[in-house]
Amino acid sequence: MGIEALLVFPLAGIALIFIANFLANLISYKSDNPTKREPYESGIQTFGKTWIQFRVGYYLFAIIFLIFDVEVIFLMPWAVVFKEVGAVALVEILVFLAILGIGLLYAWKKRALRWE
Amino acid sequence: MEKTRITMGVDVKNMETELGNEFPGNVIPAANGGNIVVTKLDAAINWGRKHSLWSLYFGTSCCAIEMMQTGAPRHDYSRFGFEVARVTPRQADLIIIAGTITVKMAPVLRRLYDQMAEPKYVIAMGACAVSGGPFYFNSYSVVRGADHVIPVDVYVPGCPPRPESLLDAMFELQNKITEESMAHRVNNNPIDGFDEGTTK
Amino acid sequence: MGNQQFLADKIRTEEYLLNMGPQHPATHGVMRMVLKLDGEEIRDVEPVMGYIHRSIEKMCEHVSYKQAIHLTDRLDYLSSHMNNEAVALLVEKAAGIEVNDRIKVIRTIMAELTRLASHQLWWAVMGMDTGALTTFFYGFRDRELINDIFEETCGSRLTMNYSLIGGVRYDLHENFVKRVKDFIAHFKKKLPEYDNLLSNNVIFRKRTEGIGILTKEQVIDFGMNGPTARASGFACDIRKKLPYSAYDKVDFQEILATEGDAFARYKVRILEMWESMSIIEQLIDNIPEGEHRVKTKAVIKLPEGEFLQRVETARGDLGVYVISDGKKNPYRLKFRSPSFANMHGLNTMSVGTKIADLVVNFSTIDVVVPDIDR
Amino acid sequence: MGNTELKNIIGSWSENLTFVEEGSEFLIVEVPANELRDIAEKLKTNKDTAFDYLFSLTGVDYGTELGIVYHIESTTHNHMIVMKVKTEDRETPNFDTVTDIWAAAYFNESEAYDLFGIKFNGHKNLRRIFLDDDWKGWPLRKDYVDEFNMLTR
């Protein structure tokens, strides 16, 4: 039963995508007009250049958030199996968190978290 | 089951002849009017669609307060599926024009209507949105009725209408949706005809 | 790690224009603000109005004084009773119509109830602007009780058209006094709940304290009024300065704060709700007997000249300025709108702050857009 | 401070001011257009008058002339004065701006320009704030006719 199950899951996933799209197109209303493609800015045409250079702080905050968000995702499966694995899991996770902690410390020292 | 309700709706077909020249400017008739054949698939889709109409956050003047009261605990329109008022037209199915549409606001309303995702419905709430209301005479900057700008499905009289009458208008819209059929879908011709409600 | 400050000064940032446009949750209607932004910081706010300009002043030149009262409901619809009262008082003073005490007390009670309803709605939407949706439901739940009172006596919930030249349209309903007393008892228990929900909430405090500070001189120079100006220490309450109706027979305290920031403006309105309730309590038990309408001529003509009447609405002092040439409709009728004056301070308040602070500032000056555009 | 003392103080500043008492509860000062700025300056800076609060600025069409009515109040002495300015020429009526004296005039002058067509020289950002930029005509003037939008009854 091993190898087939491995194949069924990805194929079923991909098939579901196409089915959903096909059904949606089948019963959906389609109306296209020029203003629909324009960006929505509270009902007014956008004016002025929007492709501009803005503060680098935004990008840094986004990246740092991303790192620690992914870290939390790794914690989820760990928490599920924590009971069976016992103390070894605790040590493993502490090492994992320590490494990422050093990353945070580095960003802190490089003043990436400073806003003003 | 034939519904025996007195529908006060204006017959879309010969709208021009009835109104004559009393009502200035040409009125854009609503697109998805009543049709005949509603298949099983239509009935299922319409049932789902009519119970989850999200309205656009569009209140221009006094009627917006009564619309908020309808959203508030006592008259709560989320009991009937109008769960929340979305801010962007991309996520809204229904636009409740609560208040006066002035000449400067009409292109904005038109743009919001165009940017809404299909299928979209319009409720003209209050006398100002129906026909210019108290600002019909002696006012140089009011569009006399929102149906000069976009096709309106349900009109709600009152200045401002009570929350109960707005709820009744929502039921009226839901009845209208049940009779919709996919065959009569809007083929994607953008409606023109925005003339600021003026006597040409 | 070298001490190079690589963040702020080396990399050049450009400014861009953003529309906080007519259809926006934070603009309380259809006010459009063109923001010049550098990242999230505001460099300049330029309000563009007129999306709800319904030419009420032009219409008033074509209608008689009685009909003009009906139009004032649509100006600042959250204090519709005070607008009607303003035009009624002006015409009564100009045409020399004497109004008995019962009418004055009824008008004052109705004005304070409207102020309470308006501040409740402001508080509900203020919570929503700063991200707390529960305040919307609390505020509107209590507002429904006032709507019931208005509906029973004046016949309409929002645009009441209740004040006439020479009195009020209907006499008080028989259980008006009971309902008002029940409402006051109910709301006295609920207002402390408002405080626990929002005023002492640490997130709300952080969002509003020290934001959008205006000094007293700036407020006077900008011509601002109402609770927004009183939060900076400028005593501009028309009920105290030029008392009208029954305000001279009632003792209440004019709320003043000195910090002039967003939280001060918030606190002033909350305390004003307590004052309004105490005014109603002082008046509700001894409403004098008498006619609710004084006999007036069918067509009221004002003598030649110009008249000014100022009334304290929920947003500030509304001035009605009439130039009359003796005919039955005014030659020129100008509404000096309180929100229109308060808009002058917005730019100074929010330059240098973030967009989120602009939302808080705009919400604390409590603007009703048709009052601005008229 | 009563109207008479006000009249004497302000009267001393310039000869061609005319004072009107009847027809209104406040003292009315009619100022010629060229002296508008320094009378306004004196009204604000003079200690006894100290008019520092511009209550309202109203555009008026008197039939042949166009005028602006300033209601100015003093927050310290609690009295109010009405200052009027008139001009004959209806094609390009213009007055000096008072935005640097009272910042409250900033939007009010834009409104007077938008609805009456009265220009204010020196105003930093004079534009139509209520109507579209391409709106023809000045709506609140008495001779404004617009059968396109306006159904008069």
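The values are calculated or read from the model by the stated rules, or taken from the named source; none is laboratory data. No experiment lies behind these values; they were computed from the predicted model shown. Because the Cβ atoms are built from the backbone with ideal geometry, glycine has one as well, and the counts that use them run over all protein chains shown.
Of everything in segment C:31-50 that's in a loop (DSSP other than H, G, I, E, B) and at the interface with chain A (Cβ under 9 Å from one of its Cβ atoms), which residue is modelled with the lowest pLDDT? So that I can check it myself, show each step before the final result.
To start, the set of residues in segment C:31-50 that are in a loop (DSSP other than H, G, I, E, B) comprises C:31, C:39-40, C:49-50.
Remaining after also requiring at the interface with chain A (Cβ under 9 Å from one of its Cβ atoms): C:39-40.
Working: C:39: 84, C:40: 87.
Among those residues, the one meeting the criterion is C:39.
Checking the structure you have, find out if any residue of segment C:174-190 is in a loop (DSSP other than H, G, I, E, B) and touching a residue at least 40 places away in the same chain (Cβ under 8 Å). Reasoning before the result, please.
Step one: list which residues in segment C:174-190 are in a loop (DSSP other than H, G, I, E, B), which gives C:174-175.
Still in the list and also touching a residue at least 40 places away in the same chain (Cβ under 8 Å): none.
No, the conditions are met nowhere in segment C:174-190.
crowded, with 21+ Cβ neighbours inside 10 Å, without any contact (Cβ under 8 Å) to a residue 24 or more places away in the chain and within 14 Å of chain A (Cβ to nearest Cβ): is that true of residue C:12 in this structure? Explain how you work it out, then say what you get.
Numbers: crowded, with 21+ Cβ neighbours inside 10 Å: no; without any contact (Cβ under 8 Å) to a residue 24 or more places away in the chain: yes; within 14 Å of chain A (Cβ to nearest Cβ): yes.
No: the conditions fail for residue C:12.
Restricting attention to segment B:80-93, which residues are crowded, with 20+ Cβ neighbours inside 10 Å and within 14 Å of chain A (Cβ to nearest Cβ)?
Those that are crowded, with 20+ Cβ neighbours inside 10 Å and within 14 Å of chain A (Cβ to nearest Cβ): B:89, B:92, B:93.
What helices (runs of 4 or more DSSP H) lie completely within segment C:325-374 and have 2 or more residues being surrounded by fewer than 21 Cβ atoms within 10 Å (Cβ to Cβ)? Working first, answer last.
Numbers: elements: C:338-342, C:345-350, C:355-364, C:369-373.
It comes to C:345-350, C:355-364.
Among the residues of segment A:1-41, which ones are among the small types (Gly, Ala, Ser), within 14 Å of another protein chain (Cβ to nearest Cβ) and in a helix (DSSP H, G or I)?
Step one: filter segment A:1-41 for residues among the small types (Gly, Ala, Ser), giving A:2, A:5, A:12-13, A:15, A:20, A:24, A:28, A:31.
From what's left, within 14 Å of another protein chain (Cβ to nearest Cβ): A:24, A:28, A:31.
Passing the criteria: only A:24.
Does any residue of segment A:74-88 turn out to be in a loop (DSSP other than H, G, I, E, B), surrounded by 14 or more Cβ atoms within 10 Å (Cβ to Cβ) and among the aromatic types (Phe, Trp, Tyr)?
First pass over segment A:74-88, keeping only residues in a loop (DSSP other than H, G, I, E, B): A:86.
With surrounded by 14 or more Cβ atoms within 10 Å (Cβ to Cβ) added as a condition, the list becomes none.
Checked against the condition, which is being in a loop (DSSP other than H, G, I, E, B), surrounded by 14 or more Cβ atoms within 10 Å (Cβ to Cβ) and among the aromatic types (Phe, Trp, Tyr), segment A:74-88 yields no hits at all.
Could you check segment A:19-59 and list, in sequence order, the residues that are more than 27 Å from residue C:34 (Cα to Cα) and of a type in the set (A, V, I, L, M, F, W, C)?
Going residue by residue through segment A:19-59, those that are more than 27 Å from residue C:34 (Cα to Cα) are A:19-32.
The answer is A:19, A:20, A:22, A:23, A:24, A:26, A:27.
Could you tell me whether residue C:206 is more than 16 Å from the chain's Cα centre (by Cα) and within 10 Å of another protein chain (Cβ to nearest Cβ)? Let's see the steps before the verdict.
Working: more than 16 Å from the chain's Cα centre (by Cα): yes; within 10 Å of another protein chain (Cβ to nearest Cβ): no.
Answer is no for this residue.
Restricting attention to segment C:75-103, report how many residues are over 19 Å from the mean Cα position of the chain (by Cα), of a type outside the set (Lys, Arg) and assigned to a helix (DSSP H, G or I). Steps first, answer last, please.
To start, the set of residues in segment C:75-103 that are over 19 Å from the mean Cα position of the chain (by Cα) comprises C:90-103.
Filter once more, keeping what is of a type outside the set (Lys, Arg): C:90-92, C:94-101, C:103.
This time we only want the ones that are assigned to a helix (DSSP H, G or I), so: C:90-92, C:94-95, C:101, C:103.
Residues in segment C:75-103 being over 19 Å from the mean Cα position of the chain (by Cα), of a type outside the set (Lys, Arg) and assigned to a helix (DSSP H, G or I): 7 in total.
In the list C:90, C:18, which residue meets the criterion of being crowded, with 24+ Cβ neighbours inside 10 Å and either farther than 30 Å from residue C:144 by Cβ or within 14 Å of chain A (Cβ to nearest Cβ) (or both)? Before the answer, list the steps.
Numbers: C:18 fails: crowded, with 24+ Cβ neighbours inside 10 Å.
Testing whether each residue is crowded, with 24+ Cβ neighbours inside 10 Å and either farther than 30 Å from residue C:144 by Cβ or within 14 Å of chain A (Cβ to nearest Cβ) (or both) leaves just C:90.
Please tell me if residue A:67 is surrounded by 11 or more Cβ atoms within 10 Å (Cβ to Cβ) and either modelled with pLDDT under 85 or under 28 Å from residue C:19 (Cα atoms) (or both). I'd like the intermediate steps shown before the answer.
Details: surrounded by 11 or more Cβ atoms within 10 Å (Cβ to Cβ): yes; either modelled with pLDDT under 85 or under 28 Å from residue C:19 (Cα atoms) (or both): no.
So residue A:67 does not fit the description; no.
Check segment C:53-75 and report whether any residue there is of a type in the set (Ser, Thr, Tyr), touching a strand residue (DSSP E or B) at 6+ places or on another chain (Cβ under 7 Å) and within 23 Å of residue D:128 (Cβ to Cβ).
The first filter runs over segment C:53-75 and keeps only residues of a type in the set (Ser, Thr, Tyr), leaving C:55, C:64-65, C:72.
Then keep just the ones that are touching a strand residue (DSSP E or B) at 6+ places or on another chain (Cβ under 7 Å); that gives none.
No: zero hits.
So which residues in segment C:240-257 are surrounded by fewer than 22 Cβ atoms within 10 Å (Cβ to Cβ) and either among the hydrophobic types (A, V, I, L, M, F, W, C) or under 17 Å from the mean Cα position of the chain (by Cα) (or both)?
C:240, C:242, C:250, C:252, C:254, C:255, C:256, C:257
One residue is enough: does segment C:258-277 have a residue meeting the conditions over 20 Å from the mean Cα position of the chain (by Cα), surrounded by 15 or more Cβ atoms within 10 Å (Cβ to Cβ), among the polar types (S, T, N, Q) and not in a loop (DSSP other than H, G, I, E, B)?
Step one: list which residues in segment C:258-277 are over 20 Å from the mean Cα position of the chain (by Cα), which gives C:258-259.
Applying the additional criterion that residues be surrounded by 15 or more Cβ atoms within 10 Å (Cβ to Cβ) yields C:259.
Okay, now just the ones that are also among the polar types (S, T, N, Q), so none.
No, segment C:258-277 has no match at all.
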